[in-house]
Amino acid sequence: MSRQSLSKAHQKITELSWEPSFATPAQRFGTDYKFEKSPKKDPLKQIMRSYFPMEEEKDDRVYGAMDGAIRGNMFRQVQERWMEWQKLFLSIIPFPEISAARAMPMAIDAVPNPEIHNGLAVQMIDEVRHSTIQMNLKRLYMNHYIDPAGFDMTEQAWANSYSGTIGRQFGESFITGDAVTAANVYLTVVAETAFTNTLFVAMPGEAAANGDYLLPTVFHSVQSDESRHISNGYSILLMALADEDNRKLLERDLRHAWWNNHCVVDAAIGTFIEYGTKDRRKDRDSYAEMWRRWIYDDYYRSYLLPLEKYGLEIPHDLVEESWNRIVNKFYVHRVAQFFATGWPVNFWRIDPMTDEDFEWFEEKYPGWYNQFGRWWEAYNRLRYPGRNKPIAFEDVGYEYPHRCWSCMVPCLIREDMVVEKVDGRWKTYCSETCYWTDAVAFRPTYEGRETPNMGRLTGTREWETLYHNWDLADVLQDLQYVRDDGKTLIPQPHLDLDDEKKLWTLDDIRGIPFASPNITLNEMSDEEREQHIAAYRANPNVTP
Amino acid sequence: MVTQDTSKQRSFPKPEFTDAEAGAVTFPSSESRSFNYFSPKKKRATIYEDVTVDVQPDTDRYLSQGWIYAFQNGPGGYPVDWTGLKSTDWHRFRDPNEEWEKTIYHNNSNVVRQIQQNLENAKKAGAYSGWSRGWTQFVERHVGAWMHAENGLGMHVFVAAQRSGPTNMINTAIAVNSAHKMRFAQDLALYNLDLGESIENFDGSMHRDVWHSDPVWQPVREVVENLTAVEDWAEALFATNIVFESLVGVLFRSYLVMQIAARNGDYVTPTLIGTGENDYERDLRYTRELFTMLTGDLEHSTANKRLLQEWVNKWAPRCSRAAHELQPIWSQPQEKVVMFNDSWSAAVDGFRSVLAEFDLEEPKEMAK
């Protein structure tokens, strides 16, 4: 369809909506934002007649590549180190995608602009596509990769794993609370516009370097839809900016959305890219370098900064602190170390790091070895069962961390941990901003104004609480992270499948008590707690 | 001539043969190659089930930490009480159309191609030149007005409802339904645009006036607007797909336009309207499956039937009135092939047969 006829066709379909006079659509989802003064236009100009064949063509390419990968024996070349992390990544990502579809009516409810509704409805169909195409990719991995365990229980494992709740924020945040906070600022303005760059562009590049060219095939196809979604988000953002009353809410939501995306996405994708790869070329970009390019330059400098001309206060401090955490405070490395510490309760295997990895990390992140090197050496030493317990339960100088009540990633930058009694319970937060998120932002009032539509933090936010004082073997049985012989664990701290003696079983972890740091913290006297917190913050957590 | 820049060393990752393919080694779970966290409807799971089931988690299944965000005045996630209907296991529902992305794009693209070819051929063949002024006005006014009903329901009933169902299988089926409705509405709008370019004196904006103010269409608009205002997602779905579509949608599309167009020299419009009918057949299939499951629920059958009967009693009279108000348009075309009463009887027969499947009764007013 030519541009001119597309324009005419789009003009025509704007005639479909009308101003109702008998009844107005149900307002299922509220917002505290106001849009009375908003300009109205649809940035997308997408019509179904051109949309469906375009997507069908994209699908054909993806499925053709999948057939080709199987015929070409791609799995003889994929790195197991990489594929194991896909068990986690692909367990998480279909839910945020489908949540984005479910978020669209929230945006439609909130924004009284029929012209933009069409674009949002198209986005809804895109998101159904993304969710199912990613599930299908995972199905293919399960069928053709050497170790299907973990892929085979994917949606169950994700729903009961500690790692699932970290990922689930990137999904539940789209569909809950204030409709504009959720479906616009968090979903499109920050998650899709900023962080899908590392998710769907940087990470697939790393997949290809590890012999997996299906992840790039699927995710680049997904990313090609995202640019349209970004337009939807920007359009609603400009509409919100037309009313001065929205400015404070936008600033609140940008701070919350930026920081939560940083905490969650950088934790996960940073780990997959840095610890899932076998490509240790020194001129290969580190996650920090990718972040600088895709997030700092492409998003912060090119997208966020220009919003200042509308009088919006941009969270410069949080952008800089995110960078600081990634580059100077070893955020990603601390998360990877935590995932590896917790290997017995994962549903994937984690490959030990080698000398070649150490050299690369030290080159890219000077000081890495002093902080993490000896711990990874211990991980390597303790990787087989029989003579030792899992590393988390051996004395290697690593203190198991508290979990952040807001972002649910543990408080790994220990000196930054905030501890406060909120809603009658002592809670730990990874940072001042995460404390603010719970104590200030997600509340029914904000800076003196009523915010009755803002969401609330709920759920059993510390996963360990579910299993306080359980035997570790019972935890694994409850989670069902056990292979089909009824005893061998799905998670393993190595990739050696050729000798069953090297594989950990329930018997190897029986008798090990599991504890909740938060319950323990709340059981302490005030004095004990203060001492504990001071010691926690001061502990460099380095293996001697 | 081939040249190579040797001034700098190219850097690229080195592929390695890892032998990480299925079957390379035997170990516990090495043959575990199916998703094992749900029971497929048949012996083996379909691709549709594999890519759809449990992607939307549930605290009644595996979601051990619960929903981690909530609305200020209620729970988060997908509360089952967002409808008055109840199920002992919402997850039993499977879409008989087995819709996932490949079917969505395949089916809708086929429809798009079919329509575009028909319209191109019609233009080339001068198919509109034989239309009488009466028929042209019928298409201009009434086929034109119908696009609004389709779009309003697509955007504000189905797009809205797909946020609210308690399982991914239900919400995805509803999302596909909304895509059908919006595509069909746009097809009607673009057909209207085509006709405006092809037929002299065809008023391409008349459909808006008719939808807004022609008295015969106002009760239809009133029902459509009221359907969009329903908060209970299952009521909106039931009232639209079972009641409104049977008594108004099918009446207008199948038992009026499809019957009379050819006799009025129009072989193009039915091909377009037929795609809407085909969509509805698919959408009715999943809707029937869902409400059959709920009316047959071991624990909640009686309560569900009672509530569904209330919805029938609430919506059927409104739809019946809207249908009857449309009656004058049956006599507008030159060739009056069908009588309103015959069309209405056929529509009511269809409605009765669906109600019978759910063990529901038609309202007394309609039995007269």
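The values are calculated or read from the model by the stated rules, or taken from the named source; none is laboratory data. Predicted model only: the values in this text are computed from it and were never measured. Every residue, glycine among them, receives a Cβ derived from its backbone with ideal geometry; neighbour counts consider all protein chains shown. Side chains are part of the model used for accessible areas, which takes the heavy atoms of the whole protein and leaves out ligands, DNA and RNA. Shrake-Rupley method; radii C 1.70, N 1.55, O 1.52, S 1.80 Å.
In segment A:422-440, is there at least one residue being within 12 Å of chain B (Cβ to nearest Cβ), part of a helix (DSSP H, G or I) and surrounded by 14 or more Cβ atoms within 10 Å (Cβ to Cβ)? Yes; the residues of segment A:422-440 include at least one that is within 12 Å of chain B (Cβ to nearest Cβ), part of a helix (DSSP H, G or I) and surrounded by 14 or more Cβ atoms within 10 Å (Cβ to Cβ).
What single numbered condition from (1) surrounded by 23 or more Cβ atoms within 10 Å (Cβ to Cβ); (2) in contact (Cβ under 8 Å) with a residue 24 or more places away in the chain; (3) within 9 Å of another protein chain (Cβ to nearest Cβ); (4) under 22 Å from B:LEU290 (Cα atoms) fails to hold for B:ASN108? Looking at each condition in turn, B:ASN108 falls short on (4). Scanning segment B:53-76 for residues that are within 7 Å of chain A (Cβ to nearest Cβ) and in contact (Cβ under 8 Å) with a residue 40 or more places away in the chain gives B:ASP54, B:VAL55, B:GLN56. Within 30 Å of A:PRO493 (Cβ to Cβ) and either under 19 Å from the mean Cα position of the chain (by Cα) or without any contact (Cβ under 8 Å) to a residue 24 or more places away in the chain (or both): does that describe A:VAL319? So A:VAL319 does not fit the description; no.
The single condition among (1) open to solvent by 10 Å² or more (accessible area, probe 1.4 Å); (2) out of contact with any Lys or Arg (no Cβ under 8 Å at 6 or more places or on another chain); (3) more than 25 Å from A:MET106 (Cα to Cα) that B:GLU277 does not meet is (2).
Yes/no per residue for (1) part of a helix (DSSP H, G or I); (2) over 21 Å from the mean Cα position of the chain (by Cα):
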| position | (1), (2) |
| --- | --- |
| A:VAL335 | yes, no |
| A:MET353 | no, yes |
| A:GLU359 | yes, yes |
| A:ASN370 | yes, yes |
| A:ARG374 | yes, yes |
| A:ASN380 | yes, yes |
| A:ARG383 | no, yes |
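When A:GLN337 is tested against the conditions (1) open to solvent by 50 Å² or more (accessible area, probe 1.4 Å); (2) under 23 Å from A:ILE350 (Cβ atoms), the lone failure is (1). Could you please give the count of residues in segment B:210-242 that are within 11 Å of chain A (Cβ to nearest Cβ) and part of a helix (DSSP H, G or I)? Total satisfying the criteria: 17. (1) assigned to a helix (DSSP H, G or I); (2) open to solvent by less than 10 Å² (accessible area, probe 1.4 Å): which one isn't true of B:ARG141, the others all being true? Condition not satisfied by B:ARG141: (2). Could you please give the count of residues in segment B:144-167 that are of a type outside the set (Ser, Thr, Tyr) and in a loop (DSSP other than H, G, I, E, B)? Total satisfying the criteria: 4. Filtering segment A:263-278 to residues that are part of a helix (DSSP H, G or I), within 14 Å of chain B (Cβ to nearest Cβ) and under 19 Å from A:ARG349 (Cβ atoms) leaves only A:ILE273. Looking only at segment A:293-325, residues that are farther than 18 Å from A:CYS434 by Cα and either open to solvent by 60 Å² or more (accessible area, probe 1.4 Å) or in a helix (DSSP H, G or I) (or both) come to 19 in all.
In the set A:ASP496, A:ASP485, only one residue is within 30 Å of B:GLU31 (Cβ to Cβ), assigned to a loop (DSSP other than H, G, I, E, B) and within 29 Å of the chain's Cα centre (by Cα); that residue is A:ASP496. Pull up segment A:129-165, narrow it to residues that are assigned to a helix (DSSP H, G or I) and of a type in the set (Val, Ile, Thr), then point me to the one that is surrounded by the fewest Cβ atoms within 10 Å (Cβ to Cβ). Within segment A:129-165, the match that is surrounded by the fewest Cβ atoms within 10 Å (Cβ to Cβ) is A:ILE133. Considering only residues of segment A:202-217 that are of a type in the set (A, V, I, L, M) and within 11 Å of another protein chain (Cβ to nearest Cβ), which is nearest to A:LYS138 (Cα to Cα)? Top of the filtered list is A:ALA207.
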